[in-house]
Amino acid sequence: MNEHTTIKVPPEDGNFFSAPYHLSIAGKLVQADETFDVINPATGEVFAQAPSATAEQLDEAIAAAKTAFKSWSALSYDEREVYLKKFADALEEKRDELAYLLTLEQGKPLGTMATPEVDQSISYIRQIAERRIPVEIVEENANHVVELHHVPLGVVGGITPWNFPVLLSLWKIAPALITGNTFVLKPTPFTPLTALRYGEIAQSVLPKGVLSVVTGGDALGPQLTNHPDIAKISFTGSTETGKHVLRAAAGSIKRVTLELGGNDAAIVLPDADYQAIIPQLFWGALGHQGQWCVGIKRLYIPRSIHAEFVKAFVDYAKTVKVGNGLDADVGVGPVQNKMQFEKLKTFLADIKANGQNIVLGGEIDESQSGYFFPITVVDNPPEDSKIVQEEQFGPIVPILVYDDVDEAVERANDSIWGLGGSVWGRDTKAAVEVANRIEAGMVWVNEIHTQGVDIPFGGVKQSGLGTEHGREGRELFTNPKTVLIHK
């Protein structure tokens, strides 16, 4: 995502940003009596007001989705495909505006991150629209035939985070809809605006009640997860919040998919051409302000190349500009919100208090407006240090020394998380063997962050429950139903 993409700046439709935002409920744009502030992280200032839905409005959205489920689930896959592709086409018409708005509320660089996120979301919808879960014949003999159907669950509730507010929500919505479910989305209050805008767009092309977008404070999340008419919760966010979601869902035995935290390790093998892969490692760790769920959070480097690697990594990092994501030459934008910004300060304070070696960054310019955190590299902190053991989720990365590969694998696996990981080396077979020993739901070999509609993605340990993408992910929006037919 670090190649520039052409976009009109500023977009022509100024009303897309300044006009009132509405909830999308039952095919209508609905006002709320109260609003909440949305802050531009590049300035630290309020730039918009988002509607704060009441409990009654969320109930209305769920009721509308329950009603719409009857007719939506009765449509064929082909009929639902037509609707989803119309939705993608309508989003594409507002592509530039959505990307620009995404940078305003999230902070990510417009050309290298925001626009690709919107483009990938639109492409994802179109691809998902063409996917099917066919009826399978699991047994047939002279007496009977056994069919396995995958039937939709009902109303799906989605709760999404602030790092990829367009992509991560549409990753949930599109497979839920194509498999015949309806959807109620509750995006994070940190980045609600793009979801509200594409919710408005959806009302013009989808049947009423099929997709509702409801924004507000933290109280809406538990209401959604506890609601008896929600059949499944798909949640992306922190591990601690995921535990609350899982407990709430247990009350009505809801289906749950959780994509949670991670502390992903990248292991560079002794034979790696480290000079060639430093750009990939840098962007995999520190691109997107380090705010990747599957970002590289720990870099393990063999002692034989450690000193040279650190110098080359820091030299490359110095070429990347931190600043407002609307500026064309900016590679890393601000941290998305003040809460995360303050959390990152605790990592920095701990590093300094323990005398760990900061080889780049480490000093925050407090005179700047906005939540700008310097690209920071820490050289070989202890394995039990805060920056190694906890998920930083920001533009700060530790580079760790290892002496043999078995040791590196053991240290990489010594974590409560297991979302992603990567292995880098010239000998692909050897690298794959190491990758197969990494305890994670997704491991890349000599690449990073490749994902796709047919590539299953999910975590192990406390990084999540269930799968997104692939047939495996789509099937989790359905119930298997066995039909036995006597001949």
**Asked** Within region 296-318, can one find any residue that is buried (at least 19 other Cβ atoms within 10 Å of the Cβ), closer than 27 Å to ILE159 by Cβ and in contact (Cβ under 8 Å) with a residue 12 or more places away in the chain?
**Response** yes
**Asked** Just a yes or no: is a residue in region 368-381 touching a strand residue (DSSP E or B) at 6+ places or on another chain (Cβ under 7 Å), among the small types (Gly, Ala, Ser) and surrounded by 14 or more Cβ atoms within 10 Å (Cβ to Cβ)?
**Response** no
**Asked** For region 388-487, which fully contained strands (runs of 3 or more DSSP E) count at least 1 residues that are among the small types (Gly, Ala, Ser)?
**Response** 420-424
**Request:** Return a yes/no flag: does region 240-251 have any residue that is outside any strand (DSSP E or B) and farther than 30 Å from PRO480 by Cβ.
**Result:** yes
**Request:** Taking LYS321 as the residue in question, decide whether it is of a type outside the set (Asp, Glu) and without any contact (Cβ under 8 Å) to a residue 40 or more places away in the chain.
**Result:** yes
**Request:** Go through (1) within 26 Å of ASN163 (Cβ to Cβ); (2) among the β-branched types (Val, Ile, Thr); (3) modelled with pLDDT of 95 or more one by one and return the number of the condition THR6 breaks.
**Result:** (3)
**Complete:** Log entry, pairs with first residue in region 351-366 being under 22 Å from LYS338 (Cα atoms), second being hydroxyl-bearing (Ser, Thr, Tyr), beta carbons closer than 8 Å, six or more apart or on different chains, reads ILE351/SER385; GLY361/THR376; GLY362/THR376
**Item:** Residues that are among the small types (Gly, Ala, Ser) and either surrounded by fewer than 16 Cβ atoms within 10 Å (Cβ to Cβ) or touching a His at 6+ places or on another chain (Cβ under 6 Å) (or both), drawn from region 431-452
**Value:** GLY452
**Request:** Could you grab the pairs with beta carbons closer than 8 Å, sequence gap of 6+ or different chains, first residue in region 269-287 and closer than 9 Å to ILE448 by Cβ and modelled with pLDDT of 95 or more, second one surrounded by fewer than 21 Cβ atoms within 10 Å (Cβ to Cβ) and among the acidic types (Asp, Glu)?
**Result:** GLN280/GLU447
**Prompt:** Condition test on VAL38, is it among the β-branched types (Val, Ile, Thr) and either assigned to a helix (DSSP H, G or I) or not assigned by TED's automatic domain parsing to the domain that holds ASP119 (or both)?
**Reply:** no
**Fill in**
Checked ILE62, ILE39, ILE25 against criteria (more than 16 Å from VAL213 (Cβ to Cβ) and either of a type in the set (Val, Ile, Thr) or at pLDDT 95 or above (or both)); the one match is ILE39
**Fill in**
Over region 427-484, the set of residues touching a residue at least 12 places away in the same chain (Cβ under 8 Å) and among the hydroxyl-bearing types (Ser, Thr, Tyr) is THR428, SER463, THR467, THR478, THR482
**Prompt:** Do the conditions hold for VAL377, that is, is it over 28 Å from the mean Cα position of the chain (by Cα) and within 17 Å of GLY290 (Cβ to Cβ)?
**Reply:** no
**Message:** Only one of GLY242, GLY290, GLY221, GLY216 is outside the structural domain of ALA63 (by TED's automatic domain parsing) and either over 26 Å from ALA431 (Cα atoms) or modelled with pLDDT of 95 or more (or both). Can you tell me which?
**Reply:** GLY290
**Fill in**
Per the filter on region 123-168, residues free of Cβ contacts under 8 Å to residues at least 40 places away in the same chain and of a type in the set (Gly, Ala, Ser) are SER123
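The rows are residues; the columns are (1) closer than 21 Å to THR191 by Cβ; (2) basic (Lys, Arg); (3) crowded, with 21+ Cβ neighbours inside 10 Å.
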site: ALA26; (1), (2), (3): no, no, no
site: VAL30; (1), (2), (3): yes, no, no
site: ALA50; (1), (2), (3): yes, no, yes
site: ALA64; (1), (2), (3): no, no, yes
**Prompt:** Quick check, is SER212 closer than 25 Å to TYR100 by Cα, surrounded by 24 or more Cβ atoms within 10 Å (Cβ to Cβ) and either in contact with a helix residue (DSSP H, G or I) (Cβ under 9 Å, 6 or more places away or on another chain) or not β-branched (Val, Ile, Thr) (or both)?
**Reply:** yes
**Asked** Do any strands (runs of 3 or more DSSP E) entirely within region 260-370 hold 3 or more residues that are under 27 Å from the mean Cα position of the chain (by Cα), and if so, which?
**Response** 265-268, 298-302
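The values are calculated or read from the model by the stated rules, or taken from the named source; none is laboratory data. Computed from a predicted model, the values in this text were never measured in an experiment. Note that each Cβ is placed from the backbone with ideal geometry, even for glycine, and that neighbours are counted across all protein chains shown.
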